[in-house]
Amino acid sequence: MLRGYNLEKKYYGHKDFYKIIDQIKELHSEKNKQYATTDDPLGNFRRASALCGKLLNPDIGNKPLAYALVLMSKQVDGVYEMLGESKEGTVEEIEDKLMDIACYSILSIILRREGK
């Protein structure tokens, strides 16, 4: 037997761990197909961060508000990608994203008020 490798069963650990890893691979693939491009598989994060650059400066006082706006901008980017790249109908629908944006918007108002 090779050190750290069991030839009788491929992996050590809980069997459900590897099932979950397989589910995560599928989810990542589906979401990446919806949000990213073949040229830049993490492009959605780069686009959303560019949208939020002004919010992430070190002088910002209300970090929870900034974080909520970052998350909201990622959802907005997702809607743009779904519409512009015809990627609707994979993991999430446009209405799911728009509901997320609406929730983040209301939560942002609350966080802004609490931060004053």
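The values are calculated or read from the model by the stated rules, or taken from the named source; none is laboratory data. Please read these numbers as outputs of a predicted model, since none were measured by experiment. Here Cβ is always computed from backbone atoms with ideal geometry, including for glycine, and neighbour counts include all displayed protein chains.
Cβ-Cβ distance below 7 Å, separation of 6 or more or different chains: which pairs start in the range 81-93 with a residue that is over 13 Å from Ala36 (Cβ atoms) and end on one that is at pLDDT below 75?
none
Against the condition loosely packed, with under 10 Cβ neighbours inside 10 Å and modelled with pLDDT under 80, how does Gly61 come out, does it pass?
yes
Here is a check on your reading of the model: is Tyr5 aromatic (Phe, Trp, Tyr) and either exposed (fewer than 10 other Cβ atoms within 10 Å of the Cβ) or modelled with pLDDT under 75 (or both)?
Judged against the criteria, Tyr5 is a match.
Could you give me the residue pairs with C-beta distances under 6 Å whose first residue belongs to the range 20-32 and is under 21 Å from Glu81 (Cα atoms), whose second residue is part of a helix (DSSP H, G or I) wherever it lies, and which are 6+ apart or on separate chains?
Final answer for the pair search is none.
Which residue, of Leu55, Leu42, is under 16 Å from the mean Cα position of the chain (by Cα), of a type in the set (A, V, I, L, M, F, W, C) and modelled with pLDDT under 80?
After applying the criteria, what remains is Leu42.
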